[in-house]
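Asker: Take a look at this one; I'll ask things after.
The values are calculated or read from the model by the stated rules, or taken from the named source; none is laboratory data. Bear in mind the structure is a predicted one, so any value in this text is a computation, not a measurement. Every residue, glycine as well, gets a Cβ built from its backbone with ideal geometry; the counts of neighbours run over all protein chains shown. Note: accessible area is taken over every heavy atom of the protein model, side chains too, but ligands, DNA and RNA are not part of it. Shrake-Rupley method; radii C 1.70, N 1.55, O 1.52, S 1.80 Å.
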Amino acid sequence: RTPPPPRAPPPVGQDKWEATEGGFECALDLVKFIRREHGDYFCLSVAGYPEGHPDTIVHVGDDEAALSASERTRCRVVVEEDGTKKVYVCPDAAFRLEMDYLKKKVDAGADCVITQMFFDAATYGAFLKACRAHGIHVPIIPGIMLVQAAGGFRKMTAMCKTRVPSQVSAAVDAKAADDAALKAYGVDLGVEISHQLLAHGAPGLHFYTLNLEKSTLAIADRVAADRAKRAPADYLKAALVVGAVAALAAFILQRRA
């Protein structure tokens, strides 16, 4: 019972999405409607945009150095075929409005946030901090888009204006003609990002499978196996920390006595 309130893409031949007469204007309207009509029956997730909503990501020149520190965590740099560099970003002012709107969705009754795709775990870390600073304390679940095919990867990242690290872009280009090698890389990348996101404090992982479950299951199996191997060491470390704190407390109490 967890329906994410989505906004459909524009119809074929139409550049911009427009609400139908009498329909919902945005996800906030839908969240309010569901809570009003059905109470807490549904667990509601809403979308969050670590790099800004695509509609707010704009061309700001050709120099990342002109951006603020926060803008650099979410900017997209595109090098055209003629060598021209273009920098796109959701400016800080627009990003603050994005966070204001996300807070309204949560205050209206959303139980958690599922993010738009990204390919840099640090982007999630920055977004998580921004959410907490904005008073958004529900779980922030990172959305992971799998690298399955070069064409689909390029199309989706261009449509969503997603920032792609240079090493990821280079790896996809190098393996574009080898379907098996690209899928294997996608799994390796998914495993790496999953571990990084969990280290940032992600409460779980949401995979955009696009109805291709094999890579998702491979990533889940490897991440689970990796964490199982590390678990004994983690428990031992925790036990040592607890033991050290207990010993220090006993020492302090003894001295006071």
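Asker: Which residues among the stretch 54-86 fall inside the zone where the amide N is under 18 Å from a point 7 Å beyond the Cα of Lys104, along Cα→Cβ?
Answerer: Answer for this model: 54-57.
Asker: Let me ask you something else. Set the Förster distance to 35 Å, then compute FRET efficiency between Asp62 and His38 from the Cβ-Cβ distance, nearest 0.05.
Answerer: On the way: r = 50 Å, r/R0 = 1.41.
It comes out at approximately 0.10.
Asker: Now for a different question. Just read off the accessible area of Ser166 with the full protein assembly in place, 1.4 Å probe, to the nearest 10 Å².
Answerer: Accessible surface of Ser166 is approximately 90 Å².
Asker: Quick one: of Lys129/Lys155; Lys155/Lys183; Lys155/Lys175; Lys104/Lys161; Lys32/Lys104; Lys105/Lys161, which pairs are farther than 20 Å apart, Cα to Cα?
Answerer: Numbers: Lys129/Lys155 29 Å; Lys155/Lys183 17 Å; Lys155/Lys175 16 Å; Lys104/Lys161 24 Å; Lys32/Lys104 10 Å; Lys105/Lys161 23 Å.
From Lys129/Lys155; Lys155/Lys183; Lys155/Lys175; Lys104/Lys161; Lys32/Lys104; Lys105/Lys161, over 20 Å: Lys129/Lys155; Lys104/Lys161; Lys105/Lys161.
Asker: Between the stretch 148-168 and the stretch 124-146, what is the C-alpha centre distance in whole Å?
Answerer: So the separation of the two Cα centres works out to 21 Å.
Asker: With the Cα gyration tensor of the stretch 61-209 giving a ≥ b ≥ c as the square roots of its eigenvalues, does the rule (a/c under 1.5 for rounded; else a/b larger than b/c for prolate; else oblate) give rounded, prolate or oblate?
Answerer: Oblate shape, in that a/c is at least 1.5 and b/c is the bigger or equal ratio.
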